[in-house]
Amino acid sequence: MRLSDIAALVGGRLLGDADPELTGAASLAEAGPGDLSFVADARRAAEGAASAAGALLVPPGLDPGRPAIVVDRPYEAFAQFLARLAPDPDRLYPPGVHPTDVVDATAVVAAAAIGPYCVVGAGAVVGAGTRLGPHVVVGSDANVGRDCVLHAHVVVREGCRLGDRVIVHAGTVVGADGFGYLPGPHGQVKIPQVGIVEIGDDVELGALVTIDRATTGRTVIGAGSKLDNQVHVAHNVRIGRCCAISAQTGIAGSSVIGDGVVTGGQVGIADHLVIGDGVRIGAQAGVIKDVPAGATLFGYPALDFHESFRITAALRRLPAALGRLRALEGRAATDAPKRGK
Amino acid sequence: MRLSDIAALVGGRLLGDADPELTGAASLAEAGPGDLSFVADARRAAEGAASAAGALLVPPGLDPGRPAIVVDRPYEAFAQFLARLAPDPDRLYPPGVHPTDVVDATAVVAAAAIGPYCVVGAGAVVGAGTRLGPHVVVGSDANVGRDCVLHAHVVVREGCRLGDRVIVHAGTVVGADGFGYLPGPHGQVKIPQVGIVEIGDDVELGALVTIDRATTGRTVIGAGSKLDNQVHVAHNVRIGRCCAISAQTGIAGSSVIGDGVVTGGQVGIADHLVIGDGVRIGAQAGVIKDVPAGATLFGYPALDFHESFRITAALRRLPAALGRLRALEGRAATDAPKRGK
Amino acid sequence: MRLSDIAALVGGRLLGDADPELTGAASLAEAGPGDLSFVADARRAAEGAASAAGALLVPPGLDPGRPAIVVDRPYEAFAQFLARLAPDPDRLYPPGVHPTDVVDATAVVAAAAIGPYCVVGAGAVVGAGTRLGPHVVVGSDANVGRDCVLHAHVVVREGCRLGDRVIVHAGTVVGADGFGYLPGPHGQVKIPQVGIVEIGDDVELGALVTIDRATTGRTVIGAGSKLDNQVHVAHNVRIGRCCAISAQTGIAGSSVIGDGVVTGGQVGIADHLVIGDGVRIGAQAGVIKDVPAGATLFGYPALDFHESFRITAALRRLPAALGRLRALEGRAATDAPKRGK
């Protein structure tokens, strides 16, 4: 793609006269003469100067020393260029319904592309523009919206509902039974999980994610939320809009997560909690109490980050502090006779 | 379903003359006029009164203010009603062997239903009444018992054995190789994992669970145990009967877990440990030593919960305590000249 | 197999004249008269004497009291015997391309065995000697090397590259999109992930592992490395050669892991870190800073193991220490009037 075309694509201004052809995109450190890269902001100017990239996206006021495009937000413009490098969806997901697909006669399928060996159950609905990879299973009476992408081996169990423009990565399971049992005379008795999962528009679920169906009612993932690989969402959880949940995090049953909540990886949130809007939770934290909106937490048990950092720093001084305590006790014991005790 | 029919189903007593028709089940907070809900015990009486449910299951002595059924254990009765709302298994798993199934000529399959695209290997056995979802793989010489349900994409590798009434949720892998290597001159050398997995009757495995085959011998899951999504059980682990292991917990190789052990989510149990009967382990705990029967543990390293809670409370006071220590040392230093030191 | 044949196989010396036939392998505790077991070293001599094994592999200088083979490294020899007990690969993975395979006309497939219902995309390459289990998906332009084994349901997405003799266990997903977004006016905007995954020779990936494709460039797993079940490797991570990463560990984006790094289970490594060669990280640790080569870390935040153990031991004394501190303060307050303050 010519640099001038890229400038038009991203709404940027070409710097200088050179208009090279670019064939790839890379980080500043890895880019070569055929690649476009980007300098996110002025702090990266030195990395930009050192890069071997054939052209750069730069913020205003930065001299790139090579062909460049000036834009206000270079990382955003870079992402727009990346979209041009992504494989043609028709190559990944050839249009049409593959002859091997097993689609129930009562299913209503308007999808753009269904890969080999998909199974669509009775009464299911798959919306227009949606692409299903190989081996996807859409259960009875499930409903997948428009312009979704379900990668290979995804399972959407009976009755579950996905909105529009939902992306689900390979192997993810939507609608498995929640983990619910009652004690019985001969061991635990299974509580039927007759609720569903409801996933909002523009949600993206990573690979090997589990979102369990509700006991009754719905497990909900709000519009625009993004869940990373191997996240687990238990039955009856409600996640708000525009959250970002990092890999391997687990949210236990019936907890309610607000809008715009962000977590690091491997976070654990206990059951029946309320987490307010805009909360940020550090990686590996263990949240065991309700969290007010806007809080930032770290640690296990998760605490406000100021307190958590103070404790972490204090912990490193603890072994020596015990020795100092013992020394003080020794001095006090020595002094005691003098005080006539 | 008429309330009187539900009363007969659960062995309860109809309260009053009203006999409405109910079409659904819901929590007290979410229920509407067509729903049955339940008041678990007297502490929930206020929530029951506030509910919009058309009818309630109530314990003796509680006035529901609407059509109701009196039972000793309302949650249990509710679970029985939920079973009536679950989809017809024949709709989810149509009876018969699908024409696309690849079943080896030497396999013995008595299953009630095998979904599309299942693969059953040489010498495998699948018992009567069992239902397999789409894409299930039962390996050579594997043995699946009677009245099991294996959801879509489940893999049971060669030689592994499942008892009766085992439920395995989507995407779970039974019998992958244990993680075993020996150092060699050119890197790590794989130790062949020639043992199997043996799963007892009435076990339920969540979605995307991994149970590894043994190096030699068996990895065992005892009858009646329930494992939540994304649990990992390493090679040669033995889990006792009627355990409940919550999501994303990992149990390392050769550990032996007793009967009736309960863990929270994201627990880690180290290798070659012995965990006694009835042990309870809190979420995110890290167990690195043997645990006597009946103990309750929290934290990392996991400690008896009394001690763990004392430490957690003390931790929050630690930063201030270091300041207090420093103050005492300052006073002792000031006093020192007076004492002729 | 006759004991004399096993001796020839492992390059050991038969002890005594007996040459029994052995049919299985087991641990010392579980072995019976038809089994071969092994005594790893002299410390296990008592367990060896107590074993019911029909024959033993023993180190020099140890009297087994039964038919035996003397070898320098008994565990290694045992592993060689286990390889003889493993099922015939042709029974697990019948040679040939199954008639149900959907292989694009432009794919180049030299594999020894492709199981039922595999899907191989446009321009993909699968090397000679490789075996694919049922339902494996090899995406467009992906490249799988020679003598690999990809178990059931494995997904290798477009463009990704596997070296030779790579083993991938069931359900693993190679090449899902990295977790990358930019803030936008209407929520988070997806950054296309146009890089690939590159897996070196002799790598083994456990079951239900996720290795994400890079934003640009490559996510790399170095030759000889072994990753256990449910490990997560984020986009643009580089793992060196001959590492061993235990189950459920997560490595966040762009971190660089050296050669020969070993982690326990459930470890978390933050993003953009550099972990040196030969680092060892204990289970459940949380690594949030760069780690120099050769270090051994435990805990959260992960610290050098000496310091981590001192802190863990000190933590158990903390509640009592707060009481001792309070006592000292009480004595100092009592003394204060006497000192004229």
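The values are calculated or read from the model by the stated rules, or taken from the named source; none is laboratory data. All figures in this text were calculated on a predicted structure; none of them were measured in a lab. No Cβ is skipped: glycine too gets one built from the backbone with ideal geometry, and neighbour counts run over all protein chains shown. Protein only, heavy atoms only, side chains kept; ligands, DNA and RNA dropped before computing areas. Shrake-Rupley method; radii C 1.70, N 1.55, O 1.52, S 1.80 Å.
In table form, for the structure just shown:
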{"quantity": "Conditions (1) under 17 Å from B:Y300 (Cβ atoms); (2) in contact with a strand residue (DSSP E or B) (Cβ under 9 Å, 6 or more places away or on another chain); (3) not hydroxyl-bearing (S, T, Y): number failed by C:L318", "calculated": "(2)"}
{"quantity": "Unique match (being modelled with pLDDT under 90, in contact with a Gly (Cβ under 8 Å, 6 or more places away or on another chain) and over 22 Å from C:A320 (Cα atoms)) among A:A295, A:A302, A:A285", "calculated": "A:A302"}
{"quantity": "Leading residue by the ranking (farthest from the chain's Cα centre (by Cα)) among those in the range B:291-337 that are in a helix (DSSP H, G or I) and among the polar types (S, T, N, Q)", "calculated": "B:T334"}
{"quantity": "Residue within the range A:297-307 that is touching a helix residue (DSSP H, G or I) at 6+ places or on another chain (Cβ under 7 Å) and among the aromatic types (F, W, Y) present", "calculated": "yes"}
{"quantity": "Every pair of residues 6+ apart whose Cβ atoms lie under 6 Å, when the first sits in the range A:301-317 and is among the polar types (S, T, N, Q) while the second is open to solvent by 30 Å² or more (accessible area, probe 1.4 Å)", "calculated": "A:S308/A:F298"}
{"quantity": "Residues of the range C:3-40 that turn out to be among the β-branched types (V, I, T) and either over 26 Å from the mean Cα position of the chain (by Cα) or open to solvent by 50 Å² or more (accessible area, probe 1.4 Å) (or both), as a count", "calculated": "2"}
{"quantity": "B:A234 within 17 Å of the chain's Cα centre (by Cα), buried (at least 24 other Cβ atoms within 10 Å of the Cβ) and closer than 24 Å to C:Y75 by Cβ", "calculated": "yes"}
{"quantity": "Test result for C:T210, more than 20 Å from B:G180 (Cβ to Cβ), polar (S, T, N, Q) and open to solvent by less than 10 Å² (accessible area, probe 1.4 Å)", "calculated": "yes"}
{"quantity": "Selection within the range B:196-210 - closer than 26 Å to C:P89 by Cα and touching a Ser or Thr at 6+ places or on another chain (Cβ under 6 Å)", "calculated": "B:V197, B:L208, B:V209"}
{"quantity": "Residues satisfying the stated conditions in the range A:234-248, i.e. more than 9 Å from every other protein chain (Cβ to nearest Cβ) and free of Cβ contacts under 8 Å to residues at least 40 places away in the same chain", "calculated": "A:V237, A:R238, A:I239, A:G240, A:C243, A:I245"}
{"quantity": "Close pairs from the range C:265-288: first open to solvent by 30 Å² or more (accessible area, probe 1.4 Å), partner of a type in the set (D, E, K, R), Cβ under 7 Å, at least 6 apart", "calculated": "C:V274/C:D290; C:D277/C:D259"}
{"quantity": "Count of the range C:201-228 residues which are within 11 Å of chain B (Cβ to nearest Cβ) and touching a residue at least 24 places away in the same chain (Cβ under 8 Å)", "calculated": "16"}
{"quantity": "Count - residues of the range A:62-89 that are free of Cβ contacts under 8 Å to residues at least 60 places away in the same chain and in contact with a helix residue (DSSP H, G or I) (Cβ under 7 Å, 6 or more places away or on another chain)", "calculated": "3"}
{"quantity": "Index of the failed condition, B:P99 passing every other in (1) under 18 Å from A:V103 (Cα atoms); (2) surrounded by 13 or more Cβ atoms within 10 Å (Cβ to Cβ); (3) facing chain A (nearest Cβ under 10 Å)", "calculated": "(2)"}
{"quantity": "Residues being within 11 Å of another protein chain (Cβ to nearest Cβ) and open to solvent by 30 Å² or more (accessible area, probe 1.4 Å) - total across the range C:289-302", "calculated": "3"}
{"quantity": "Complete set of residues in the range B:144-159 that are closer than 16 Å to C:A207 by Cα and over 20 Å from the mean Cα position of the chain (by Cα)", "calculated": "B:R157, B:E158"}
{"quantity": "Filter result for the condition that a residue is more than 7 Å from every other protein chain (Cβ to nearest Cβ), aliphatic (A, V, I, L, M), within 26 Å of B:A170 (Cα to Cα) and touching a His at 6+ places or on another chain (Cβ under 7 Å), over C:V168, C:V231, C:V154", "calculated": "C:V168"}
{"quantity": "Conditions (1) more than 10 Å from chain B (Cβ to nearest Cβ); (2) modelled with pLDDT of 95 or more; (3) over 27 Å from the mean Cα position of the chain (by Cα); number of the one not met by C:D63", "calculated": "(2)"}
{"quantity": "Some residue of the range A:259-266 being closer than 26 Å to B:L322 by Cβ and among the hydroxyl-bearing types (S, T, Y)", "calculated": "no"}
{"quantity": "Any hit, the range B:28-36, residues being touching a helix residue (DSSP H, G or I) at 6+ places or on another chain (Cβ under 7 Å), farther than 29 Å from B:G133 by Cβ and of a type in the set (A, V, I, L, M)", "calculated": "yes"}
{"quantity": "Of all residues making up the range C:249-264, the number that are among the aliphatic types (A, V, I, L, M), open to solvent by 20 Å² or more (accessible area, probe 1.4 Å) and more than 7 Å from every other protein chain (Cβ to nearest Cβ)", "calculated": "2"}
{"quantity": "Test result for B:A285, among the small types (G, A, S), closer than 17 Å to A:Q284 by Cβ and either within 19 Å of the chain's Cα centre (by Cα) or within 9 Å of chain C (Cβ to nearest Cβ) (or both)", "calculated": "yes"}
{"quantity": "Out of C:D228, C:D141, sole residue that is among the charged types (D, E, K, R) and buried (at least 24 other Cβ atoms within 10 Å of the Cβ)", "calculated": "C:D228"}
{"quantity": "In the range B:160-183, the residues that are among the small types (G, A, S) and either within 18 Å of the chain's Cα centre (by Cα) or over 22 Å from C:V231 (Cβ atoms) (or both)", "calculated": "B:G163, B:A170, B:G171"}
{"quantity": "Residue selected from the range B:179-198 under the condition of a type outside the set (V, I, T) and crowded, with 24+ Cβ neighbours inside 10 Å, by the criterion nearest to the other protein chains (Cβ to nearest Cβ)", "calculated": "B:F179"}
{"quantity": "Checklist (1) within 11 Å of chain A (Cβ to nearest Cβ); (2) farther than 18 Å from A:H153 by Cβ; (3) crowded, with 24+ Cβ neighbours inside 10 Å applied to C:A122, failing item", "calculated": "(3)"}
{"quantity": "Any chance B:G133 is at pLDDT 95 or above, of a type in the set (G, A, S) and out of contact with any Leu (no Cβ under 6 Å at 6 or more places or on another chain)", "calculated": "yes"}
{"quantity": "Check on C:G129, more than 11 Å from every other protein chain (Cβ to nearest Cβ) and surrounded by fewer than 24 Cβ atoms within 10 Å (Cβ to Cβ)", "calculated": "yes"}
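Per-residue answers, yes or no, for (1) among the acidic types (D, E); (2) under 22 Å from C:L92 (Cα atoms); (3) in contact with a Pro (Cβ under 9 Å, 6 or more places away or on another chain):
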residue	(1), (2), (3)
B:D141	yes, yes, yes
B:G171	no, yes, no
B:V174	no, yes, no
B:F179	no, yes, no
B:G187	no, no, no
B:I191	no, yes, no
B:V194	no, yes, yes
